[in-house]
Amino acid sequence: MPDKKLVKILNNISILLEIKGENPFKSRAYSNAAEIIRENQIDIEKEVQGGTLGNIKGFGEALVKKLTEYVETGKITYYEKLISEIPESLVDITKINTMGPKKTKLVYEQLGVKNINELESACLTGSLSKVKGFTEKSIEIIQNSIAHKKASKGLFLQNSVIEYAENLLGKLKSDSDIIDAEISGSYRRFAETITELNIVVSTKSPENVTKKFRTILFADQIGNQLKLSTNENIPVTIDFVKPEEYIFKLHLSTGSKEYITSFNELLKEKNVVTNFNSEEELYNSLGIKYVPPELRECNTALEKAKQFKIPKLIENSDLKGMLHVHSNWSDGKNTILEMALKAKELGFEYIAMCDHSRSAGYTNGLSIERVQAQHEEIDKLNSENHEIKILKGIESDILTDGSLDYPEDVLEKFDIVVVSVHSLFNMSKSLMTKRIIAALASPYTTILGHPTGRLLTSRLPYEVDIKEIIDAAADYGKIIEINANPYRLDLSWDNVIYAKEKGVKIAINPDSHKTTTLEDVFIGVKVARKGWLEAKDVVNCLTYDKFMKEVVKK
DNA sequence: GCCGTTTTCGGCCCGACTGTTTTCAGTCG
């Protein structure tokens, strides 16, 4: 496990140096080091003790010295000195939209603004508008960004707790006093973000087992409930109940408040007992169809269950094609072949390489010449028969006017074209909507990528009329992506429902930049399930032959 | 601060957009 505290310190040093106005490349050396440790899961203690840290590219004399000090003493004097000179909380300000290191320095020096609260006050009192470079528009962006950050406080990504949750669950299940245990709450029904982790445990003697695990987990106890928190301060609640109450409790703590309220009314009507062996049994006893956890968000699901209209939701094994992945031809970490072989290992029949297009310069986007060269490599790989078909795709930037990033004679060479917005996020809603619809209108467009551009808990979606976009996709017969990157989950599940209503086909795409994140595609399956999708609604559930015929049309 | 190497210092990812800009610095993806 990489040392998260160290990664944070290195990143903070990088940002603080930028604020100080030091050589930007010196600053980057620190963020690079943090990135290398995080990406490659480097065990710093081991490297330092083995004297091998200096062998890793990116770690020179100065960093080795500082990290050795860190391993030996738990701190870095250089960093301590840095934060005694400038407030560490300035780092938070640089996370606010449009507030880079230079502007952060400016408001610190001119207004004494040291943290986000003080920046917000400066917006409200009007003092910020007196600083050079801050306009009405930019102050509005800052205020929105602060509001979004505050609203996201206490919200966590699903993937930030997966590892912890699985470990804890394993620990509980392996105990001989515990009959069964399951994660419940918003995690189980796959809400976009969660505020806490809930676990329900079945045991014959709840009182004794609660007490026992209070000691093991260093938790606080309230009755037969334990409260603790993960090392990222995510609250955890564990309920210990008797076997006869287990299923009922698990169900009760999984659904949303709205869903459970309606469910309880139904229970009252039917007057059922609480002892069940499974949730399916519970639903059967009510005379309604079983509702999978992902759908237990709103009353609609319960109404449909009464009418026996819960569809067979898509499952991981339905996926046949891995679409929208990047390779080291642009900003990915792995070769095309490495990505393809990993996809094959995960059970996929075909993979569509969709590296960045030429306008995305920072990602090493492909020039027309390099598109040609990549196609030659793909042809060669396909001729070698690696038992997975590789498709020629591209993630084309949607340019300001909605046009795509290559001339027609280049676009026509791709099997699929994913179109995405990567620039000019601050356009007005109507212009952004027009821009994206223009891209959908292109005969070369196959799939709209991450339709709102949001990053969960960190970046708001760009202003866009998503319903109008979905309507346009329906008109033009275009596919919309569920981007399964855990930070994006974009299209969101509620809009997936709308897309399905309009008959728009969906692609579930990992937008993966390395082999280790290809499995993110299965997170997208959860979003799809929450959006009521069946295998027939999702284009990458098609076999290779059908996909070529119906989607690629070549 | 690191790397590569013409072994002592120059180059390090880049292009578009915005602002109170007039030729460039800051931010973003």
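The values are calculated or read from the model by the stated rules, or taken from the named source; none is laboratory data. Nothing here was measured: the structure is a model prediction, and the numbers come from that model. Counting neighbours? That spans all protein chains shown, and the Cβs are built from the backbone with ideal geometry, glycine included. Keep in mind that these areas ignore ligands, DNA and RNA; they rest on the heavy atoms of the full protein, side chains included. Shrake-Rupley method; radii C 1.70, N 1.55, O 1.52, S 1.80 Å.
Residue by residue through region A:48-63, note down the ones that are within 13 Å of DNA strand B (Cβ to nearest atom) and crowded, with 18+ Cβ neighbours inside 10 Å. Talk me through it step by step, then tell me what you get.
From region A:48-63, those within 13 Å of DNA strand B (Cβ to nearest atom) are A:52-63; that's our starting set.
Within region A:48-63, A:Leu53, A:Phe59, A:Leu63 meet the criteria.
I'm checking my understanding of the structure. Among residues of region A:310-352 that are part of a loop (DSSP other than H, G, I, E, B) and among the small types (Gly, Ala, Ser), which one is most open to solvent (accessible area, probe 1.4 Å)? Show your work before the answer.
Pass one, region A:310-352, residues part of a loop (DSSP other than H, G, I, E, B): A:310-315, A:319-320, A:326-335, A:346-349.
Cutting the leftovers down to among the small types (Gly, Ala, Ser) gives us A:327, A:330, A:332, A:347.
Details: A:Ser327: 0, A:Ser330: 11, A:Gly332: 12, A:Gly347: 51 Å².
Residue satisfying both the conditions and the ranking: A:Gly347.
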Every residue from region A:18-29 that is in contact (Cβ under 8 Å) with a residue 12 or more places away in the chain, more than 7 Å from DNA strand B (Cβ to nearest atom) and in a helix (DSSP H, G or I):
A:Glu18, A:Ile19, A:Lys20, A:Ser27
Counting only residues that are open to solvent by 70 Å² or more (accessible area, probe 1.4 Å), in a helix (DSSP H, G or I) and closer than 23 Å to A:Ala151 by Cβ, how many does region A:98-119 have?
1
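Every residue, every condition in (1) at pLDDT 95 or above; (2) within 22 Å of A:Ala441 (Cβ to Cβ), yes or no:
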residue: A:Gly477; (1), (2): yes, yes
residue: A:Glu481; (1), (2): yes, yes
residue: A:Asn485; (1), (2): no, no
residue: A:Arg488; (1), (2): no, no
residue: A:Glu501; (1), (2): yes, yes
residue: A:Lys514; (1), (2): no, no
residue: A:Gly524; (1), (2): yes, no
residue: A:Arg529; (1), (2): yes, no
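Matching residues to (1) out of contact with any Leu (no Cβ under 9 Å at 6 or more places or on another chain); (2) within 12 Å of DNA strand B (Cβ to nearest atom):
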{"residue": "A:Lys132", "(1), (2)": "no, yes"}
{"residue": "A:Glu136", "(1), (2)": "yes, yes"}
{"residue": "A:Ser145", "(1), (2)": "no, yes"}
{"residue": "A:Lys149", "(1), (2)": "yes, no"}
{"residue": "A:Leu155", "(1), (2)": "no, no"}
{"residue": "A:Ile162", "(1), (2)": "yes, no"}
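How many of the residues making up region A:353-387 are outside any helix (DSSP H, G or I), in contact (Cβ under 8 Å) with a residue 24 or more places away in the chain, away from DNA strand B (no atom under 16 Å from the Cβ) and open to solvent by 10 Å² or more (accessible area, probe 1.4 Å)? Outline the logic, then answer.
The first filter runs over region A:353-387 and keeps only residues outside any helix (DSSP H, G or I), leaving A:353-360, A:364-367, A:384-387.
Applying the additional criterion that residues be in contact (Cβ under 8 Å) with a residue 24 or more places away in the chain yields A:353-360, A:364-366, A:386-387.
Pick out the ones that are also away from DNA strand B (no atom under 16 Å from the Cβ) and you get A:353, A:386-387.
Then keep just the ones that are open to solvent by 10 Å² or more (accessible area, probe 1.4 Å); that gives A:386-387.
Qualifying residue count, region A:353-387: 2.
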Yes or no: A:Ile37 open to solvent by less than 40 Å² (accessible area, probe 1.4 Å), within 10 Å of DNA strand B (Cβ to nearest atom) and at pLDDT 90 or above?
no
Just to verify a result, which residue in region A:65-91, among those that are away from DNA strand B (no atom under 11 Å from the Cβ) and surrounded by 19 or more Cβ atoms within 10 Å (Cβ to Cβ), is farthest from A:Asn12 (Cα to Cα)?
A:Tyr70
With the condition kept exactly as written, say whether any residue in region A:388-403 is surrounded by 19 or more Cβ atoms within 10 Å (Cβ to Cβ), part of a loop (DSSP other than H, G, I, E, B) and in contact with a strand residue (DSSP E or B) (Cβ under 7 Å, 6 or more places away or on another chain).
yes
Close pairs from region A:186-198: first closer than 19 Å to A:Leu455 by Cβ, partner open to solvent by 20 Å² or more (accessible area, probe 1.4 Å) and in a strand (DSSP E or B), Cβ under 7 Å, at least 6 apart
A:Thr193/A:Phe156; A:Ile194/A:Phe156
Scanning region A:120-130 for residues that are part of a helix (DSSP H, G or I) and more than 12 Å from DNA strand B (Cβ to nearest atom), the one farthest from A:Ser229 (Cα to Cα) turns out to be A:Thr125
Mind listing just one residue for me: the one in region A:179-220 that is surrounded by fewer than 18 Cβ atoms within 10 Å (Cβ to Cβ) and in a strand (DSSP E or B) and, of those, nearest to the chain's Cα centre (by Cα)?
A:Thr193
Go over the candidates A:Val325, A:Val410, A:Val418 one by one and state the one that is more than 27 Å from A:Lys536 (Cβ to Cβ) and in contact (Cβ under 8 Å) with a residue 40 or more places away in the chain.
A:Val410
Can you tell me which residue within region A:221-270, out of those that are of a type in the set (Lys, Arg) and in a helix (DSSP H, G or I), is modelled with the lowest pLDDT?
A:Lys270
Close pairs from region A:52-69: first without any contact (Cβ under 8 Å) to a residue 40 or more places away in the chain and assigned to a helix (DSSP H, G or I), partner near DNA strand B (Cβ under 8 Å from one of its atoms) and β-branched (Val, Ile, Thr), Cβ under 7 Å, at least 6 apart:
A:Leu53/A:Val64; A:Gly54/A:Val64
The residue that is farthest from A:Lys312 (Cα to Cα), considering only those in region A:271-289 that are open to solvent by less than 60 Å² (accessible area, probe 1.4 Å) and in a loop (DSSP other than H, G, I, E, B), is A:Val272
Here is a list: A:Val504, A:Val539. Which entry is outside the structural domain of A:Arg296 (by TED's automatic domain parsing), β-branched (Val, Ile, Thr), in contact with a strand residue (DSSP E or B) (Cβ under 8 Å, 6 or more places away or on another chain) and in contact (Cβ under 8 Å) with a residue 60 or more places away in the chain?
A:Val539
Residues located in region A:327-354, provided they are closer than 18 Å to A:Tyr406 by Cβ and either outside the structural domain of A:Pro510 (by TED's automatic domain parsing) or at pLDDT 95 or above (or both):
A:Ala352, A:Met353, A:Cys354
